[in-house]
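J.: Please find one structure pasted underneath; my questions will follow.
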Amino acid sequence: MTNATLLELLGFVIILFSAALMAGLAALRRKSPPAFREIPAFSRLRQAIGRVVENGTRLHVSLGRGALVTAQSASAMSGLTLLRRLAELTSAGDQPPVATSGDAALAILSQDTLQTASQASAQGVYDPTAGRLTGLTPFSYAAGAIPVIRDENISTNVLMGNFGVEAALLAEAAERDNTFTLAASDNLTAQAVLYASAQEPLIGEELYAAGAYLDAGPTHTASLTVQDVLRWLIIIAILAGALLQLVQLLLSAGAQ
Amino acid sequence: MKFKGVFPTVIAIAFGFLVLAGYIFPLFGQFYLFILNIAVILTGFAVLVGVSNLLIVHSGKIRHKQKGAIYSVILIISLLVTFLLGLVAHFSTSVSGLFNEAFLSIQLPIETSLMAVLVVTLTYASIRLLRQRRNLLSVIFLVTAFLIMVGTAPWPFLGDVPVLSALRVWIAQIPASAGARGILLGVGLGTLTTGLRILFGADRPYGGKHG
């Protein structure tokens, strides 16, 4: 068996294990919801959502430019989940949320998400222009999304998806308008610039925890627990690897 | 009505599993490539739909005389001119050159200027960071950024300072690399669980109730 085949098999085992664990935990979580560590950004997001509804202002969700046929699509999917949940939470407000994207397929999915959320709400109003493609290159996307932040009575901005350095321009535009900004990206460079420029930056896997923290369903809380279990397994594997390497070094030194 | 919601879910889950199987079992390899090719073609059509959406949004802005409507007029004119140039460029090499020139002379300088604006934006954001979030992490972040900058740029009269260069290399290769790997592991695990939620039909970006 070659190394490549062994790795593929290992990947398959990890996927199967994670799927079984998630299914089992989701069934258990329906009865007893777990307690997660406090992430202040999500608590402040809830407060900001409350203000959107009370003040009759608008929520803006920027989904980035993660193409669906690439590995970056997972962050875009997380953004869509959050958009759906936030659209439900703000359904009692005067204005529907607006979603901007830098990828055409993502823009279509954001329209579909907003339509589904509006059907579930009491008002049932759906605006097809609320899900928008603002540009197809990184900076044209940012340039197209900035007027939305500035001119459309936005009081809360959520940047969640795959961004590059252009995310700083969006965060800065939000900051100039004195609006709340929660920002997360799967890209390391974007995380660094958002740490400096956004009010509430999320780092690393916190991007994928949004659903669990906003009560999007038991599968979201279960998936967060699965991430924790896998992280511990990785930690054990790294420590075991280091220990074995040390033992090998000591044995070879002893043999000499 | 129920069927309307179930049908896309079943299709999405079935194709999701087939693509996953294609990654792992060589038997499904050809089918997996076929599905991916279809996805790429559909993405191409999605661009047309997306651009139509862009036209509708901006023509609405012009119709309702909203703030910044003049920029929408410029956008629509530029879009139509570029689209026509792109169509004609397919048949004429001289127009093809003009089409490339339009990109190199307009789009590229504008995006480069935005990059320059970004430098000022980030400098200002870094100063603001110390005012708004005065904690240990912010201090570490700014000190690290400063050390990397002074270690990268040559100093006036001194040129390259070996100690600073060595410090930059050490920061980039040891603490920054370790931190980046930790973050990327977290992102990888998040990607895996997000994919599984979509495969289970718990997350449905194509409409329907979430689980």
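The values are calculated or read from the model by the stated rules, or taken from the named source; none is laboratory data. Keep in mind it's a predicted model, so treat the numbers as computed, not measured. Positions of Cβ are generated from backbone atoms using ideal geometry, with glycine treated the same way; all protein chains shown enter the neighbour counts.
J.: Out of A:Ala35, A:Ala19, A:Ala92, A:Ala4, report the one residue that is out of contact with any Pro (no Cβ under 9 Å at 6 or more places or on another chain), within 10 Å of chain B (Cβ to nearest Cβ) and surrounded by fewer than 22 Cβ atoms within 10 Å (Cβ to Cβ).
T.: A:Ala19
J.: Here is a check on your reading of the model: is A:Ala145 closer than 21 Å to B:Met115 by Cβ and in a helix (DSSP H, G or I)?
T.: So A:Ala145 passes the test.
J.: Additional query: Restricting to the range A:174-198, give me the number of residues that are facing chain B (nearest Cβ under 9 Å), within 16 Å of the chain's Cα centre (by Cα) and within 19 Å of A:Thr156 (Cα to Cα).
T.: Qualifying residue count for the region: 2.
J.: Here is a further query. Let me confirm something: among B:Ile106, B:Ile62, which residue is at pLDDT 90 or above and more than 10 Å from chain A (Cβ to nearest Cβ)?
T.: From the options B:Ile106, B:Ile62, the qualifying one is B:Ile62.
J.: Please determine, by comparing only the residues of the range A:101-148 that are out of contact with any strand residue (DSSP E or B) (no Cβ under 7 Å at 6 or more places or on another chain), crowded, with 24+ Cβ neighbours inside 10 Å and among the hydroxyl-bearing types (Ser, Thr, Tyr), which one is nearest to the other protein chains (Cβ to nearest Cβ).
T.: Among those residues, the one meeting the criterion is A:Thr113.
J.: Then there is this: Of the residues that make up the range A:69-80, is at least one buried (at least 24 other Cβ atoms within 10 Å of the Cβ), more than 11 Å from chain B (Cβ to nearest Cβ) and under 27 Å from A:Gln227 (Cα atoms)?
T.: Looking through the range A:69-80, none of the residues is buried (at least 24 other Cβ atoms within 10 Å of the Cβ), more than 11 Å from chain B (Cβ to nearest Cβ) and under 27 Å from A:Gln227 (Cα atoms).
J.: Of (1) more than 19 Å from B:Thr194 (Cα to Cα); (2) more than 7 Å from chain B (Cβ to nearest Cβ); (3) acidic (Asp, Glu), A:Asp151 satisfies all except one. Which?
T.: (2)
J.: Please go through the range B:89-107 and give me each residue that is surrounded by 11 or more Cβ atoms within 10 Å (Cβ to Cβ), among the hydrophobic types (A, V, I, L, M, F, W, C) and closer than 22 Å to A:Leu136 by Cα, ordered by number.
T.: Of everything in the range B:89-107, those that are surrounded by 11 or more Cβ atoms within 10 Å (Cβ to Cβ), among the hydrophobic types (A, V, I, L, M, F, W, C) and closer than 22 Å to A:Leu136 by Cα turn out to be B:Ala89, B:Leu98, B:Phe99, B:Ala102, B:Phe103, B:Ile106.
J.: So which residues in the range A:176-196 are under 23 Å from B:Arg134 (Cβ atoms) and in contact with a Ser or Thr (Cβ under 7 Å, 6 or more places away or on another chain), if there are any at all?
T.: Those that are under 23 Å from B:Arg134 (Cβ atoms) and in contact with a Ser or Thr (Cβ under 7 Å, 6 or more places away or on another chain): A:Thr179, A:Phe180, A:Gln191, A:Leu194, A:Ala196.
J.: Do any helices (runs of 4 or more DSSP H) entirely within the range A:159-235 hold 1 or more residues that are buried (at least 22 other Cβ atoms within 10 Å of the Cβ) and free of Cβ contacts under 8 Å to residues at least 24 places away in the same chain, and if so, which? Quick ask: steps written out before the conclusion?
T.: Numbers: elements: A:167-176, A:188-197, A:210-213.
The qualifying helices (runs of 4 or more DSSP H) are A:188-197.
J.: I'm trying to understand the selection: among the residues of the range B:148-162, which are farther than 17 Å from B:Val119 by Cα and modelled with pLDDT of 85 or more?
T.: Of everything in the range B:148-162, those that are farther than 17 Å from B:Val119 by Cα and modelled with pLDDT of 85 or more turn out to be B:Gly151, B:Pro162.
J.: Right, something else. Filter the range A:127-139 down to residues that are within 19 Å of A:Leu68 (Cα to Cα) and in a helix (DSSP H, G or I), then give me how many there are.
T.: Residues in the range A:127-139 being within 19 Å of A:Leu68 (Cα to Cα) and in a helix (DSSP H, G or I): 1 in total.
J.: Filter the range B:44-55 for residues that are free of Cβ contacts under 8 Å to residues at least 24 places away in the same chain and closer than 14 Å to A:Gly144 by Cα; which is surrounded by the fewest Cβ atoms within 10 Å (Cβ to Cβ)?
T.: The selected residue is B:Asn53.
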